[in-house]
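Structure first, then comments.
The values are calculated or read from the model by the stated rules, or taken from the named source; none is laboratory data. Here the structure is a predicted model, which means the values were calculated and not measured. Positions of Cβ are generated from backbone atoms using ideal geometry, with glycine treated the same way; all protein chains shown enter the neighbour counts. Just the protein is used for accessible areas: all its heavy atoms, side chains included, with ligands, DNA and RNA removed. Shrake-Rupley method; radii C 1.70, N 1.55, O 1.52, S 1.80 Å.
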Amino acid sequence: MSSSTNATTHHTSTIGSIGTPSRRNTELALLVFAVAIPVFAYANVGLAIDNKVPAGLLSYGVGLGLLAGIGHLVVRKFAPYADPLLLPLATLLNGLGLVAIWRLDQSKLLQSIDVAGDKASKQLIYTAMGIALFVAVLVFLKDHRVLQRYTYISMAGALVLLLLPLVPGLGADVFGAKIWIQIGSFTIQPGEFAKIVLAIFFAGYLMVKRDALALASRRFMGLYLPRGRDLGPILVVWGISILILVFETDLGTSLLFFGMFVIMLYVATERTSWIVFGLLMSAVGAVGVASFEPHIQTRVQAWLNPLGEYKASQAGVKDGIVHSEQAMQALWAFGSGGTLGTGWGQGHSELIRFAANSDFILATFGEELGLAGIMAILLIYGLIVERGVRTALAARDPFGKLLAIGLSGAFALQVFVVAGGVMGLIPLTGMTMPFLAYGGSSVIANWALIGILIRISDTARRPAPSPAPNPDAEMTQVVRP
Amino acid sequence: MNKPLRRIAIFCGLLILALLIRDNWLQYVKADSLRTDTKNRRVLIARYSTPRGDIVVDGEPITGSKKTPSKSLNDFAYKRTYKDGAMWSPVTGYASQAFGATQLESIEDGILTGDDDRLFFRNTLDMLTGKEKQGGNVVTTLNGAAQKAAYDGLKKIGGKGAAVALDPETGAILALASYPSYDPSTFAGNSLSTDSKAWTKLLKKNNPSDPMLNRALRETYPPGSTFKVVTAAAALENGLYTSADQATDSPVPYTLPDTRQPLKNEGSIACKNVSMREALRVSCNSVFGKIGADLGKDKMLEEAKKFGFNAQQFVPVRSNASNFPEKMDRPQTALSSIGQFETAATPLQMAMVASAVANNGTLMKPYMVDKLQAPSLDVISQTKPEELSRPLSEKNAQILQSMMETVVQSGTGKNAQISGATVGGKTGTAQHGVNNSEKPYAWFISYAKLSDGSSPVAVAVVVEDEHANRDDISGGGLAAPIAKNVMEAVIKNKK
């Protein structure tokens, strides 16, 4: 690990000039697959639903291919040593998401409640905006360490983003969770962007404070207990996540935000005690809030007894119809898919209704691609996380390490929380599957996240410049006969 | 920093692993139960996604499928139609997009939709060759002419009632009629304006005559005097009397044991010390009440159970269990033995009684599905007649037959005589309601025998005529003509 807090220091490591190969051609080859698979899937949906190849196949394929191509060219030019897997994996997920959204657009039931219809074309525009942000990150962020300068601005920015939905007139309460803001006809989930900005703040803050947090502690019963004053920041973060939970009734963001902080704290300090504290505090927070917040209680009940709650809501005995109904519909969708799924376009996941193409999109994959498809998708997510962690391991500066692990940890947590919620492993939260789900904020923010990871991996894998010619070396040079 | 990083990597791996395990549990272990959950709307969507197979009578389908107009939100492609729906509904049940399916439509749903595992190979072939999935057929044992005779007869009287005809030698159900009935076509779709309205009108709370009740299988009535056949069988089987013409030691008036309450006979018929033949011919309460009391509760119960009482029958549609009370004192045993007190029987049960007598004492298990056919008409399963029990020895059965034949030749059942066939029967007029205040039920059970000794049909008919004059209600008057028509239809069909 290079131990420099000075942004101007250049590569001081001893790695020689024979660095890792750039792997740009590998990336290109993988991208071809990442575009071809969704194109085939798109044709498949059309054939299943209308018995003909969909009219938009060419424009859709070209559109996705073009976006992937731009991404690739920009990486080739501005981040030549970046990890070759991140871009193709994200492209594949994004493309499959587009296919699923288009497939749900065909549902008359969803059209009738204005959830579907033209969402795939909108999602393609959001994807373009996401790729644009991805390109902007790579072009303008030459070195991720620049972000350290914005540690406290990031903190302020994150707080603003997180609290924005609470501003009267701006926030929109959609089905019980206040996590959207509405500007004109646009709705944005600031939480998705806050995730990245917060990771920057945590990385910058923890890099500076990590020694104090790690070393100034007392040993008690085998655990290093932090000092009271060091507990300050963790208490603040805990407090904010509780506030989000209470006022925005957003279990997902609150969990994600706190989980990411604990992960980064642990990595920065290498102290297991922080994890113990983190788990304890999240448990206290969750139980405490759940004991008086009806929205959370509904979700917990719907999770513990989905069929019972469904029947009760059907019979009109209880309200809270929305959540148990959806949870149960999603379980049925998964069950009906079985091992191999019904095939694209041949399931009935539109029965999930209003969030079928956003929070619950995984159920469509579960029904139509089956266990096999879901396992593949989960493994793709797993691979993205793995490449992120690998980037963190390879990064040579603590800020880069912390930022990379923060982002990939948050990504993993989000996948777990959403997929676990939809599959009934944990209570439902209102978050989206990165890249798969319909929604501008999510796609754009996650492309930015991939952009930053690619930037860090480029820096990490970039070979150190060749050492300056050493005059002494000449003297020991072997002269060939 | 790398050590905690590696641990975080493991933690992230565990998160993904947990999701993978959960997914396997959900989509592999629990998949079948979720997929077939009746609340899962996909079950309905699949049921109506292709034309359903048909329910077949006499080689002709009595059901059909019609493509629903592709309105914007209807996710059901096909709708069920019924031919003579009201007449056949006790057999078919209904399959409604909005209200689910019952009876044969529900029990054989797998065959009718084509989803049954036994059709798996064929479905796989169809999938590979790109053919649309088809449903198989359910071929019933019913006889169209007999069913029509039964339904039309009940309809003519206009009261509530039911009729069941069995083939005594196999147990095959030949007629299963209930009146008033309903046409399942009227609510086979899911339109709020037509189907839901039709359904609401049929519900018992809106329609006191309860047309959706399958009276042939699901309603139990006090069987009245028709139960005396069971009592006579018990007397013969237990050796209380060994012949039909032996004088019974029975006084008139007969006082119920342990009481001072006399058991009355209808009108002024002579019942003192008459033979069982004579007692059955004129329907003496005193004789059969005394036989029941003499035999005692246990022997009566044993015989009733042999005839199928106190158990549900599955034909394969479930019928309610008929009831012969298990707890009663001696006077109650006497009353139960003439079909009063808590004795109650379904029309199917009483048809089983007649069929066991006609079949020389062997009771065959009633059934109404002859075979299940694949869409290609290949037979998937064929029902083989099964013996249910032997309530009577052959000799005693023949004694009882001669007694029942006397009832039709010269007794209360004259209305059921058929030229060219020997008919045995028993009438019943069952009183019910508090202090017998309500109009009694008219019963008739009978069987027909041909000259070659074969017995092609046994019938039970019950009629509740709200319009008739109370004194006119009798099993011989109201129910016997219907039974006669049903038997004639079967005999004619057989020739």
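Remarks
- Check: the protein assembly as shown dipole with +1 on Lys, Arg Cβ and -1 on Asp, Glu Cβ, in debye: 2160 debye
- Shape category assigned to the stretch A:91-142 from the gyration tensor of Cα positions, a/c cut at 1.5: prolate
- Counting charges near B:Gly411 (Lys, Arg +1; Asp, Glu -1) among other residues having Cβ under 11 Å from its Cβ returns a value of +2.
- Candidate aspartates and glutamates - alpha carbon under 12 Å from B:Lys290, same-chain residues fewer than 8 apart omitted: B:Asp249
- Between B:Thr259 and B:Lys305, the C-beta separation translates, for a Förster distance of 22 Å, into a calculated FRET efficiency of about 0.25.
- Residue list for the stretch B:15-38, given a label point 7 angstrom along the Cα-to-Cβ vector of A:Lys311 and an amide N cut-off under 14 Å: B:37-38
- Counting 0.36 nm for each residue step from A:Lys77 to A:Asp143 and taking away their Cα separation leaves a gain of 22.3 nm.
- Average beta-carbon neighbours from other chains, 10 Å sphere, peptide A:332-344: 5
- Computed lengthening from B:Lys67 to B:Glu132, 0.36 nm per intervening residue step minus Cα-Cα distance: 22.0 nm
- Put a plus charge on the Cβ of each Lys and Arg, a minus charge on the Cβ of each Asp and Glu, and nothing anywhere else: the dipole of the stretch A:18-463 about its Cα centre is then about 1540 debye.
- Heavy atoms of B:Arg215 accessible to a 1.4 Å probe, total area in Å² rounded to 10: 10 Å²
- Residues whose amide H comes within less than 5 Å of that of A:Trp180, counting only those at least five positions distant or on another chain, are A:Ala172, A:Val174 (H built at 1.01 Å from N in the peptide plane).
- Filter on B:Lys148/B:Lys205; B:Lys228/B:Lys306; B:Lys327/B:Lys426; B:Lys306/B:Lys371; A:Lys52/B:Lys39; B:Lys155/B:Lys204 - keep pairs with C-alpha separation over 21 Å: B:Lys148/B:Lys205; B:Lys327/B:Lys426; B:Lys306/B:Lys371; A:Lys52/B:Lys39
- Over 21 Å between alpha carbons, listed pairs A:Lys311/B:Lys30; B:Lys305/B:Lys365; B:Lys83/B:Lys492: B:Lys83/B:Lys492
- Isolated cysteines in the protein assembly as shown, defined as those with no second cysteine Cβ under 4.7 Å, comprise B:Cys12.
- Label-to-label distance, nm, for residues given as B:Gln409 and A:Ala212 (7 Å Cα→Cβ offset): 11.8 nm
- Of all aspartates and glutamates in the structure, the ones whose alpha carbon falls short of 12 Å from that of B:Lys414, not counting any fewer than 8 places away in one chain, are B:Glu405.
- To put it simply, the accessible area of the stretch A:18-463 at a 1.4 Å probe is 68 percent carbon and sulfur.
- Reachable aspartates and glutamates, given that their alpha-carbon falls under 20 Å from the alpha-carbon of B:Lys131 and they are not under 8 places away in the same chain: A:Asp50, B:Asp54, B:Asp115, B:Asp116, B:Asp117, B:Asp378
- Cβ-based charge dipole, the protein assembly as shown, positive-most Cα from B:Ala244, A:Ala372, A:Ala132: A:Ala132
- Surface per residue (accessible, 1.4 Å probe) for the stretch A:18-463, Å²: 37 Å²
- Hull-based mean projected area of the protein assembly as shown, where the convex hull spans the alpha carbons, in square nanometres: 56.5 nm²
- Taking every protein chain into account, the 1.4 Å probe leaves B:Ser389 with about 30 Å² of accessible area, to the nearest ten.
- The Rg/Rh ratio for chain B is 1.11, where Rg is the radius of gyration of the alpha carbons and Rh is the Kirkwood radius.
- For the pair A:Ala464 and A:Ala36, a Förster radius of 25 Å applied to the C-beta separation gives a FRET efficiency near 0.10, rounded to the nearest 0.05.
- By accessible area with a 1.4 Å probe, ligands and nucleic acids excluded, highest first: order of B:Val139, A:Val146: A:Val146, B:Val139
- Treating r as the C-beta distance of B:Asp117 and B:Leu450 and R0 as 41 Å, the FRET efficiency rounds to 0.45.
- Value of Rg/Rh across the stretch A:18-463 [Cα atoms, Kirkwood radius]: 0.97
- Two-decimal log10 I(q)/I(0) for the stretch B:229-297, as the Debye equation yields it once each C-alpha is a single scatterer, q = 0.13, 0.16, 0.20 Å⁻¹: -0.31, -0.47, -0.74
- Along the axis of the charge dipole computed for chain B (Cβ charges of +1 for Lys and Arg, -1 for Asp and Glu, origin at the Cα centre), the listed residues B:Ser181, B:Ile16, B:Phe341 are led at the positive end by B:Ile16.
- Between B:Lys3 and B:Glu266, the contour length at 0.36 nm per residue exceeds the alpha carbon distance by 84.6 nm.
- Over the residues of chain B, the helix contribution to mean residue ellipticity at 222 nm works out to -10500 deg cm²/dmol, using -39500 (n - 2.57) for each DSSP H run of at least 4.
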